[in-house]
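Here is the structure we will look at.
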Amino acid sequence: MTRANVIDGLRNGALLGIVTIFLCLTGFVFVIAGVLNEAFARGDQASILGVLLALTLIGLWGGSRVPRRSGADGWLGVAIGGIFSGLVSGALVALFALIAGYNVDAGVNLRQYLIALSPDVVHALTLNLGTMSGALALFGLMLGANLIGSVFGLALSQRQIFKSAWDKWSQTRTALSELPALTSLRTHPAGRFVSYILLVLVIAFLPLVLNQAQNYTLGTIAIYVLLGLGLNIVVGLAGLLDLGYVAFYAVGAYTVALLTAPAPHHIMWNFWVVLPLGVLLAALAGVMLGVPVLRLRGDYLAIVTLGFGEIIRILAGSDALIDVVGGPMGITAIPQPQLFGISIGNVQFVYMLVISVALVIFVTSRLQHSRIGRAWVAIREDETVAAAMGISTLRYKLLAFGIGAAFAGLGGVLFAARNQFTNPQDHVLLVSINVLAVVIVGGMGSIPGVILGAFVLKGVPEILREFQDYRIILFGMLLVTMMILRPEGLWPSRRRKLEMHISAQEAAEELPLDPSIGGEVF
């Protein structure tokens, strides 16, 4: 046993205990208990099982962090670090359970101060064993989970678990990929044609077998794909951090609302006339914003665009403009689009959204592999060098802003027409953050990555609606995890993946500085 193992275990346990108590105070731990209650309808037993499962997972995760510091000392050092981590985190969680339990037993209403700590929740936290017994049980649970997690984490870091199975799977996958039949199927035009036909058939029949709520969710995902593809041009290709992207989304939505709804102006134009007009106005707004601000870079550009998005939202919800744009109540009674006299319902709207996504994917793909796309990538990598090579950086950045805004306007038009309603709360800053998260998690510069990111960040929360109150926490955890484990995204472009791996390899091969001249050895 070394002093370093003990200190590392104490530090890790203190951090883990604080994180666990924070998750309990916010009620996140008890969401799992609620999910199990609904799934199994077993009352208190499901609540206790949920708390046990949540705390066990947190303890295992905390224990798996120990080998990062104590792994060099072998199994004994990791075990010592895991034990002391479990002792500290278990003591903190047990103390929290004691305080909460004794207050509830004394009749103190903790919900006046901490809304998540209802009496039922506190009883579930102490596992219905009583305050003292439950605290001791939690102490043992955290101690055991930390120890198991630390040992398991060291085994994984040394690739001793599942290594042989993974090697066999890698060999099998490589052998299968090199089969002449599969290689010719992937590269032959007939194989691609069959793949496209199967994809079209799935898209054509999927809305018919889904119910109304599932089609609505699918439509929401398609709208975020449109928004993500537009922001992917601005951020992923041109490297311009735009936090006010929701403003162009609002321009498209309010254009179709003001020009087709009976109130407040009773213009009542046809949807198919307003659709290109909304896209054009959004693109024009993007260019008008870009002219004065695109000489800025980095954080300054992000702050200015964020302010523009907030200005649009505040103006849309202002009482002074209530006769112009509807004010805080928004605009209702937007008529359904009609095609050849037939109203486009929920299922038909999914097809229209899919067609719009396909059109935007085609345009984005052609731009990405054109001279314009190469200019955007050059500006993203080094704007000064790009300007020195003769690229008109301002013109290409304006083009990126305008095209990205046009795609956002298209998404806004379709969103308002589908919902038949829009108001300022549909265009808050969180929408821009969500779209940016879609691009980052999916993979900047990657069209398939944006589609996958939209399914992960918008489809999964709709399926697991019990976690909707903790969406920001989950976004933060997911982004931090992505930056650490897969910084290039879930489905990165080939260029982005190559760049990230080259950067990592260069950092690993960087020579250490000489300590004799005041440097630091890494």
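Quick note: the coordinates plus some simple rules give every number you see, no bench work behind them. No experiment lies behind these values; they were computed from the predicted model shown. Every residue, glycine among them, receives a Cβ derived from its backbone with ideal geometry; neighbour counts consider all protein chains shown.
Scan region 84-146 for chymotrypsin sites (Phe, Trp or Tyr not before Pro) in coil per DSSP, keeping those whose Cβ has at most 12 other Cβ atoms within 10 Å, and list them by number. In loop regions of region 84-146 (DSSP not H, G, I, E or B), the sparsely surrounded chymotrypsin sites (Phe, Trp or Tyr not before Pro) are Tyr113.
Quick one: check the C-alpha center-to-center distance for region 349-427 versus region 193-208, whole angstrom. If we compute the Cα centre of each part, the gap is 26 Å. A cut-off of 5 Å between modelled amide H atoms, ignoring neighbours fewer than 5 places along the same chain, links Trp269 with Thr260. In plain terms, the residue of Met352, Met444 with the fewest other Cβ atoms within 10 Å comes first and the most crowded comes last, giving Met352, Met444.
The fewest-to-most ranking of Met389, Met482, Met288 by surrounding Cβ atoms within 10 Å reads Met389, Met288, Met482.
Length gained on full extension, Leu25 to Ala263: 81.1 nm, using 0.36 nm per residue less the C-alpha separation. Extending 7 Å from the Cα toward the beta-carbon at both Ile203 and Ala333 defines two label points whose distance is 3.6 nm.
Annotation for region 247-353: trypsin sites (Lys or Arg not before Pro) lying in DSSP loop with at most 16 further Cβ atoms inside 10 Å of their Cβ are Arg295, Arg297. Listing His427, His266, His369, His123 from fewest to most neighbouring C-beta atoms within 10 Å gives His266, His369, His123, His427. Shape class of region 212-495 from the Cα gyration tensor (axes a ≥ b ≥ c, square roots of the eigenvalues): prolate, since a/c reaches 1.5 or more and a/b is larger than b/c.
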